[in-house]
Structures are given as structure tokens and as C-alpha cells.
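> Pasting a structure here, questions to come.
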Amino acid sequence: MRKHHSALGGVALALALALSGCGGDDPDPEVKETPTQSPSPTPTSTPTPKTPEEKAAAQLEAYLEVRDIAYRERTIDFKTLNPVATGDEFLQLQHAVASMTLKKVTVEGEYTHTLDEPRNRGKEMLIIDCEDRTGVTWKNDGAVRQPDFTDPNGKPLRNPAPVEYTLVKDKGVWKVSDSDLLWDQPC
Amino acid sequence: MLRRLVALIVALAGSLVIVFATASIASADCVADPVTGEVHCEEGEGGNNGGGNGSTGGSSTCKYNGKEIPCTGPGGSVWSSKYACWIGERGPDDMVPPEGQTKEDGWWHVCYFPPPGSSWEYMWIETGEVGINPVVLAERAIASMDLDPIKIGIVPESGANRAGLVGLPVWMWVDSPTEDTFGPITRSASEGSVSVSATASVSNVVWNMGDGTKVTCTGKGTPYADHYGTQPSPTCGHRYAKMSSDQPDGAYQVTATSHWVVEWTGGGQSGTTEFDLTTDPLPIRIGEAQVLTQ
């Protein structure tokens, strides 16, 4: 299991090809390698993904980093977004960032992303990210928003919460095309 | 003669009560709104419109670089061929117009780009370029067409004294087609200086025969006439393999779903809208020939 921390305001992202569980329960914030790998001194030594599942997971990891930076800086860097996102996700991120700017919504802190094992559906890849926002603060017009998110029943959204991402092949490259917050399910 | 072969085989008493269960496998995509913090779920496509008069759902597509894209973008933004983006919300009021322009000439707007994007900046949009959505005008033009499901033509006919036979041809056709049941039909809608013209036609009719079979016919079908005898329909037909006696009310419930395709153009855009209209179920009784001889 590997885990990624996205620091909003000093982003550090760690990816987990988690076979079970969620990162939110794990107090160790350090990057972990898979059990079959030797400990690596730096995150840059992460092995190059080879299988379609590994490639898709790496793309999702990259997308989440781009997304979290976009939230923090409230701008879109298309040079980094274009290679990792497409379709509805590509548009919705733009909409989210534009809305945050217009409505004076800011976000600070650090997300933790823990990716479940990718499910290969041939033309698409499904990956669940257990997103932990313990260290994240959302503010509306400078005031901390509490609760930060509410589910469709009006109750505070659970934390961590699973988000299922769909990745599709775009010119031979896996890109994130959709996301679905599984608000009524635990990680 | 098919019509004359029809005989009352089984006495059917009482009024027909058609219970039509609509299976709907709805999926929901949920997202957290970063501004309000609320989680919203959007029902996905699933199920159909069962019996009744059909629905006029559908989607509009615009064209960009030869590809079809939705005409409506994030947050209800409107596709603009001129700017090659979906024009969204106005920028803040404290922004300053570009040199040589005034607030009367236009304003800064968010532009949502289809992938790949190029520039994340507010776009100066001239007055008149936003506010009139050609898609809305297209929908208005379609609504003015007052389209209806087809009128079912079928032999064996429906009725208490009518029934067909297992294994014999069933003929299906669009009875008395009109421009509002089969097309083509053209209507326009205008607002201000923008005018949209839409032409609608039925591309195919899917016949749900009630026995688990769906027959897709691309044309109107061929109306049955007595001189055809027991020939199969050359264009749109079916054969029942079993009697309908074990069906609810002893009859197969036949529906016809016409698939409408609307091509529209105007306001610097063109697009396609597609939707289905379904008839009410029509009971068709099917028996076996030997019963006739008794």
C-alpha cells in the first residue's frame, strides 16, 4: 500500500495502490513503497509504471496533484492538466476553479490520497481514491466552512470519503475523465 | 387472409388492465460542490419511458473541430463557435475593459475549454454574443412541432374479437403517417437577431412485441392488405412463437418507439438533438391454429 499526501501550499503527493483499507486510518505520513520493493531514499525513485493498471494509477496520481494545486492557487495550468485529464473531469475542474474564484472560496492544507487497486474494464479503468481531508480547511470569504462538506441528506460528509475515478485512453494515454463521490460508502 | 383468419378463439371477458412495469437502472454521479460544500448527485441514464406518450428528453450537440460536443458546458455555459469555448459566468465587476472598449461593448467571461486547453484567462466577450442560447431556441423550435408517437398499424389487429396465430406473419407499419408523427417537419424559433431552424425526422421505429423481441424498422413499414395473404411483411414484420394466453390479460403488449433526429442550425451553431416517443401499449392476442378447428 502506498499513500500520497497532497499538501495544498507545499504539495507532496503520495500514491497508494492500496489492496485494502484507507490511508485516513494510518498515522504515518511518510511515503511508503510496496512490500516487494526495497526502501527508496527519495520519492523520485518510484519504479516506472509498466502495466496498464500501473500507468493508469500513475496518471490519476498526477491528476490529483494538478487538481489540488489548481484548488490551492485557483488557476488552471493547462500544460499540466492536458496530459492527465479529459472529458467531464477536465471541464468540471475548470468550473470548480472558476467558481471558487468568483465566490471567494479558498482551500488550505493537505489532502491525503490513497488509491485502491485499479479495476481494468478494457476501454476504461476504475480506481477508487480514499480521500482524507483531515488537514484541509475550506474557507468561504475568509471564514472557515463548517462542516466543510455535507452529504445529500444534509449531514456532514464522512471523512475519509471514497471517490471513484474513471480513466479512459486518449491517444494511447490514460486520462481521468470522470469522478463519482461515493458519499454513502466507507473507504 | 390474415384478417379473416382472425377469429375469436378464447372468450375474453372484462376490461383490460395493463400493468406496465418500468425497469429503471438508475445510476448517480455525485460531486462535491467546492463553493457550497454540498454533495449533488445527478441521475444517470437508465430505464426508459415505458408506456404512455413517451418523453422528449434528449441532448444537443455542437460541432468543434469536426467532432460533436455538448452545446451546454459546465454551469450552463453556452458553446461559442466564435470563441471555441463554452462561455460561462461574468468576471468580477472590478475588472477593467481592454483598451478601446467600454462596459457597453462587452465584458470579461469565464471560458471553459474543451480538452486540450490553452489559456486560463477571462475572455472579453462582445455584447450580444452571450445571453441568447441557440440550443434553447432549437428546443423551442422542436416544442412548436408538437410531435407525437406514431399511430400503430398492425395485423393481427388489436381488439376483443381479434387474434393472430402462432407462426404466422405479423405486419407492422406506421399508420397514416403525418409530419408530426414521422416527419420530416421544419420549424423555426427566433429571439433578437438570432434565429434557429430545426428539421425533425424519425430515423427508425423500434417495435417491442411484448414477447421479449424488439424489431427495429427503418422505414414506415408496409400496410397489410388482404391480397398479401399469409406472406410476411417485406419491410417490417415478426412471428410469435408462443400463444399469448399466459400473458397478463392474455395478450402481448406491443409498443412502438419512434426515434427522432432533429438537425438544427442558427446563431452560428449547428447541432443534433435526438429523443424517443413511445406509444401506449396495444394488446395483441395470439392463439394456435388447432383451436380454430375445434
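The values are calculated or read from the model by the stated rules, or taken from the named source; none is laboratory data. Keep in mind that what you see is a predicted model, and the values were worked out from it rather than measured. Here the Cβ positions follow ideal geometry from the backbone for every residue, glycine too, while neighbour counts run over all protein chains shown. All accessible areas refer to the heavy atoms of the entire protein, side chains included, with ligands and DNA or RNA removed. Shrake-Rupley method; radii C 1.70, N 1.55, O 1.52, S 1.80 Å.
> Any chance the range B:240-261 includes a residue that's over 15 Å from residue B:150 (Cα atoms) and under 20 Å from the mean Cα position of the chain (by Cα)?
Taking the range B:240-261 first, the residues over 15 Å from residue B:150 (Cα atoms) are B:240-253.
Among the residues that remain, those that are also under 20 Å from the mean Cα position of the chain (by Cα) are: none.
Within the range B:240-261, not a single residue is over 15 Å from residue B:150 (Cα atoms) and under 20 Å from the mean Cα position of the chain (by Cα).
> Among the residues in the range B:231-238, are any farther than 26 Å from residue B:160 by Cβ, at pLDDT 95 or above and part of a strand (DSSP E or B)?
So far as the range B:231-238 goes, no, none of its residues is farther than 26 Å from residue B:160 by Cβ, at pLDDT 95 or above and part of a strand (DSSP E or B).
> Tally time: how many residues in the range A:158-171 are polar (S, T, N, Q) and within 11 Å of chain B (Cβ to nearest Cβ)? Don't jump to the end; show me each part of the working.
To start, the set of residues in the range A:158-171 that are polar (S, T, N, Q) comprises A:159, A:166.
From the residues that got through so far, the ones that are within 11 Å of chain B (Cβ to nearest Cβ) too are A:166.
Going through the range A:158-171 one residue at a time, the tally reaches 1.
> Could you check how many residues of the range A:84-118 are closer than 12 Å to residue B:113 by Cα and open to solvent by 50 Å² or more (accessible area, probe 1.4 Å)?
Going through the range A:84-118 one residue at a time, the tally reaches 2.
> Conditions first: (1) assigned to a loop (DSSP other than H, G, I, E, B); (2) away from every other protein chain (no Cβ under 11 Å). Residue B:62 passes all but one, so which condition is the exception?
Of (1) assigned to a loop (DSSP other than H, G, I, E, B); (2) away from every other protein chain (no Cβ under 11 Å), only one is false for residue B:62: (1).
> Let me ask another. Output the helices (runs of 4 or more DSSP H) that fall wholly within the range A:38-157 and possess 3 or more residues being closer than 16 Å to residue A:168 by Cα and more than 8 Å from every other protein chain (Cβ to nearest Cβ), or say none.
Working: elements: A:52-73, A:78-81, A:87-102.
Those helices (runs of 4 or more DSSP H) span A:52-73.
> What number of residues within the range A:135-161 satisfy the criterion of being in contact with a Ser or Thr (Cβ under 7 Å, 6 or more places away or on another chain) and open to solvent by 30 Å² or more (accessible area, probe 1.4 Å)?
Within the range A:135-161, the subset in contact with a Ser or Thr (Cβ under 7 Å, 6 or more places away or on another chain) is A:139, A:144, A:156-157, A:159.
Now restrict to residues that are open to solvent by 30 Å² or more (accessible area, probe 1.4 Å): A:139, A:144, A:156, A:159.
So the answer is 4.
> Select from the range A:152-173 the residues that are farther than 28 Å from residue A:86 by Cβ and modelled with pLDDT of 95 or more and write down the one among them that is nearest to the chain's Cα centre (by Cα). Even if it seems obvious, please write down each step before you answer.
Restricting attention to the range A:152-173, the residues satisfying the condition of being farther than 28 Å from residue A:86 by Cβ are A:153-156, A:158-159.
Filter once more, keeping what is modelled with pLDDT of 95 or more: A:155-156, A:158-159.
Details: A:155: 23, A:156: 20, A:158: 16, A:159: 14 Å.
Among those that are farther than 28 Å from residue A:86 by Cβ and modelled with pLDDT of 95 or more, it is A:159.
> Among B:121, B:89, which is the only one that is closer than 30 Å to residue A:169 by Cα and either within 11 Å of chain A (Cβ to nearest Cβ) or touching a residue at least 60 places away in the same chain (Cβ under 8 Å) (or both)? If you could, list the steps in order and put the result at the bottom.
Details: B:89 fails: closer than 30 Å to residue A:169 by Cα.
Only one candidate passes the filter, namely B:121.
> Still on this structure, I have one more. Could you tell me which of the residues A:88, A:148 is under 21 Å from residue B:41 (Cβ atoms) and in contact (Cβ under 8 Å) with a residue 60 or more places away in the chain?
Numbers: A:148 fails: in contact (Cβ under 8 Å) with a residue 60 or more places away in the chain.
Exactly one residue qualifies, and that residue is A:88.
> Examine the range A:111-118 for a residue that is touching a His at 6+ places or on another chain (Cβ under 6 Å) and under 22 Å from residue A:59 (Cβ atoms), and state whether such a residue exists.
Kept after step one, since they are touching a His at 6+ places or on another chain (Cβ under 6 Å), are these residues of the range A:111-118: A:112-113.
Narrowing further to those that are under 22 Å from residue A:59 (Cβ atoms): A:112-113.
Yes, the range A:111-118 contains at least one residue that is touching a His at 6+ places or on another chain (Cβ under 6 Å) and under 22 Å from residue A:59 (Cβ atoms).
> Just wondering, is there one or more residues in the range B:271-294 that are in contact with a strand residue (DSSP E or B) (Cβ under 9 Å, 6 or more places away or on another chain), at pLDDT below 95 and at positive phi?
No.
> Then there is this: Just the residues that are touching a residue at least 12 places away in the same chain (Cβ under 8 Å) and out of contact with any Asp or Glu (no Cβ under 8 Å at 6 or more places or on another chain), please, taken from the range B:58-75. Quick ask: steps written out before the conclusion?
Initial filter on the range B:58-75 (touching a residue at least 12 places away in the same chain (Cβ under 8 Å)): B:58-64, B:68-69, B:71-75.
Result: B:63, B:64, B:68, B:69, B:71, B:72, B:73, B:74.
> Which of the residues spanning the range B:77-102 are open to solvent by 20 Å² or more (accessible area, probe 1.4 Å), in contact with a Gly (Cβ under 8 Å, 6 or more places away or on another chain) and within 30 Å of residue A:178 (Cβ to Cβ)? Spell out the reasoning first.
Going residue by residue through the range B:77-102, those that are open to solvent by 20 Å² or more (accessible area, probe 1.4 Å) are B:78, B:81-84, B:89-90, B:92-102.
Pick out the ones that are also in contact with a Gly (Cβ under 8 Å, 6 or more places away or on another chain) and you get B:81-82, B:89, B:97.
Across the range B:77-102, the qualifying residues are B:81, B:82, B:89.
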